[in-house]
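Participant: Pasting in a structure now, in structure tokens, and then I'll have a few things to ask.
The values are calculated or read from the model by the stated rules, or taken from the named source; none is laboratory data. Not measured: the values here are computed from a predicted model. Ideal geometry is used to build each Cβ from the backbone, glycine not excepted, and the neighbour counts take in all protein chains shown. Note: accessible area is taken over every heavy atom of the protein model, side chains too, but ligands, DNA and RNA are not part of it. Shrake-Rupley method; radii C 1.70, N 1.55, O 1.52, S 1.80 Å.
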Amino acid sequence: MKDAIKPNLMQTLEGTPVFVHAGPFANIAHGNSSVLADKIALKLVGPEGFVVTEAGFGADIGMEKFFNIKCRSSGLCPHVVVLVATVRALKMHGGGPSVTAGVPLPKEYTEENLELLEKGCCNLRKQIENASAFGVAVVVAVNAFKTDTDAELMLVCRFAKEAGAFDAVKCTHWAEGGKGAVDLAQAVQKAAQAPSNFQLLYDVELPIVDKIRIIAQKIYGADDVELLPEAQHKAEVYTRQGFGNLPICMAKTHLSLSHDPEKKGVPTGFVLPIRDIRASVGAGFLYPLVGTMSTMPGLPTRPCFYDIDLDPETEEISGLF
């Protein structure tokens, strides 16, 4: 394990160097790559280079934690937010039917439906507003599926720019590699030159419940928060122990802006329930448990690597999919 502190150097299919280091789930942890990996990457690309670092899951959790936890710790100031959106996800936020793994997608997601898509764009607007609240330019990357129509993609791009994005670009790198993301790269390059006024969302010296309330109201759109007895007790205990000035890492579903994964779009009029608060003192944050959120990721009890093998003669890997 002594080598685990070092970032793992990999590369894309086109030879772009990639560091893989940390990056746990953003619904139950901070969901970001390590500061160490970012700083090494920044050193390698030089003052004129670009480092793209991922913040996992929805922008309401991964991005918020990237800013308020990671940037606060590292002192690094981001130049651009690349907000990824898809037609299919926005249709779901517009009231589209539920999706089950392994079952063919309902036709609403594979056929043109501008009305459903437009309804779901309210979620994109909220995420753009959230990103803009930190004073950083936002570029929306619209990942295009082969079933998306030009009208649908144009609708999302137009809506994103009207909602305040610096730019919004159709991306086809899943099919064309780097060639399919050239327009995105150029948009990011231009956005990085725009004036920015990066700011954190809250002061860590505020009381624990106030920091939780700021995130809930400004990022999720909640009316207020409700601390259940255990959470209230923990807030008092951590404050007495001297941990009340740690940043907050909300353990919340990534399937909704609220605590209820079934509430799509931009839910309003809800009170965010906090059932418990736990401390990761070594990592440097407190993590409130929102609603029924579990801290055990949904992984199989038998790891998939048992079924992955390498043929020494053909050098082909089996069992990946």
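Participant: Picking from Ala101, Ala85, which residue would you name as being closer than 23 Å to Phe25 by Cβ and surrounded by fewer than 19 Cβ atoms within 10 Å (Cβ to Cβ)?
Facilitator: Going through Ala101, Ala85 in turn, the sole match is Ala101.
Participant: Quick one: which of Ile208, Ile219 is in contact with a helix residue (DSSP H, G or I) (Cβ under 8 Å, 6 or more places away or on another chain), of a type in the set (A, V, I, L, M, F, W, C) and either modelled with pLDDT under 95 or farther than 24 Å from Ala89 by Cα (or both)?
Facilitator: Ile208
Participant: Among the residues of segment 9-30, which ones are surrounded by 13 or more Cβ atoms within 10 Å (Cβ to Cβ), in contact (Cβ under 8 Å) with a residue 24 or more places away in the chain and either in contact with a strand residue (DSSP E or B) (Cβ under 6 Å, 6 or more places away or on another chain) or not in a loop (DSSP other than H, G, I, E, B) (or both)?
Facilitator: Selection gives Gly23, Ile28.
Participant: Give the residues of segment 112-147 that are touching a helix residue (DSSP H, G or I) at 6+ places or on another chain (Cβ under 9 Å), open to solvent by 30 Å² or more (accessible area, probe 1.4 Å) and free of Cβ contacts under 8 Å to residues at least 60 places away in the same chain, sorted by residue number.
Facilitator: Those that are touching a helix residue (DSSP H, G or I) at 6+ places or on another chain (Cβ under 9 Å), open to solvent by 30 Å² or more (accessible area, probe 1.4 Å) and free of Cβ contacts under 8 Å to residues at least 60 places away in the same chain: Glu112, Asn113, Leu114, Glu118, Asn143, Phe145, Lys146, Thr147.
Participant: Here's a follow-up. Can you find even one residue in segment 82-96 that is at positive phi and in contact (Cβ under 8 Å) with a residue 12 or more places away in the chain?
Facilitator: yes
Participant: What's the total number of residues in segment 179-198 that are farther than 23 Å from Gly135 by Cβ and open to solvent by 30 Å² or more (accessible area, probe 1.4 Å)?
Facilitator: 3
Participant: Restricting the first residue to segment 172-197 and requiring it to be within 11 Å of Val80 (Cα to Cα) and among the small types (Gly, Ala, Ser), which pairs with a second residue that is open to solvent by less than 60 Å² (accessible area, probe 1.4 Å) and assigned to a loop (DSSP other than H, G, I, E, B) meet a Cβ separation below 8 Å and a spacing of at least six or different chains?
Facilitator: Final answer for the pair search is Ser196/Gly135; Ser196/Val136.
Participant: Here's something else I'd like to know. If you check Val169, Val138, Val188, which single one turns out to be closer than 17 Å to Gly58 by Cα and touching a strand residue (DSSP E or B) at 6+ places or on another chain (Cβ under 7 Å)?
Facilitator: Val138
Participant: Do we find that Ser34 is exposed (fewer than 15 other Cβ atoms within 10 Å of the Cβ) and hydroxyl-bearing (Ser, Thr, Tyr) in this structure?
Facilitator: So Ser34 does not fit the description; no.
Participant: Here's something else I'd like to know. Does Ala279 satisfy being of a type in the set (A, V, I, L, M, F, W, C), at pLDDT 95 or above and either open to solvent by 60 Å² or more (accessible area, probe 1.4 Å) or more than 19 Å from Phe66 (Cα to Cα) (or both)?
Facilitator: Working: of a type in the set (A, V, I, L, M, F, W, C): yes; at pLDDT 95 or above: yes; either open to solvent by 60 Å² or more (accessible area, probe 1.4 Å) or more than 19 Å from Phe66 (Cα to Cα) (or both): no.
No: the conditions fail for Ala279.
Participant: Please go through segment 158-197 and give me each residue that is over 21 Å from the mean Cα position of the chain (by Cα) and either β-branched (Val, Ile, Thr) or assigned to a strand (DSSP E or B) (or both), ordered by number.
Facilitator: Across segment 158-197, the qualifying residue is only Val182.
Participant: Here is a further query. Would you tally the residues in segment 286-321 being among the hydrophobic types (A, V, I, L, M, F, W, C), modelled with pLDDT under 95 and closer than 27 Å to Tyr220 by Cα?
Facilitator: 3
Participant: Same structure, new question: Can you say whether Gly244 is crowded, with 17+ Cβ neighbours inside 10 Å and either in contact with a Ser or Thr (Cβ under 9 Å, 6 or more places away or on another chain) or hydrophobic (A, V, I, L, M, F, W, C) (or both), as far as the supplied structure shows?
Facilitator: On the way: crowded, with 17+ Cβ neighbours inside 10 Å: yes; either in contact with a Ser or Thr (Cβ under 9 Å, 6 or more places away or on another chain) or hydrophobic (A, V, I, L, M, F, W, C) (or both): no.
Judged against the criteria, Gly244 is not a match.
Participant: Taking the options Ile214, Ile219, name whichever one is crowded, with 21+ Cβ neighbours inside 10 Å and within 21 Å of Asn32 (Cβ to Cβ).
Facilitator: Details: Ile214 fails: crowded, with 21+ Cβ neighbours inside 10 Å.
Of the residues listed, the single one that is crowded, with 21+ Cβ neighbours inside 10 Å and within 21 Å of Asn32 (Cβ to Cβ) is Ile219.
Participant: May I ask you to list the residues in segment 131-156 that are under 30 Å from Leu200 (Cβ atoms) and of a type outside the set (Val, Ile, Thr)?
Facilitator: Ala131, Ser132, Ala133, Phe134, Gly135, Ala137, Ala141, Asn143
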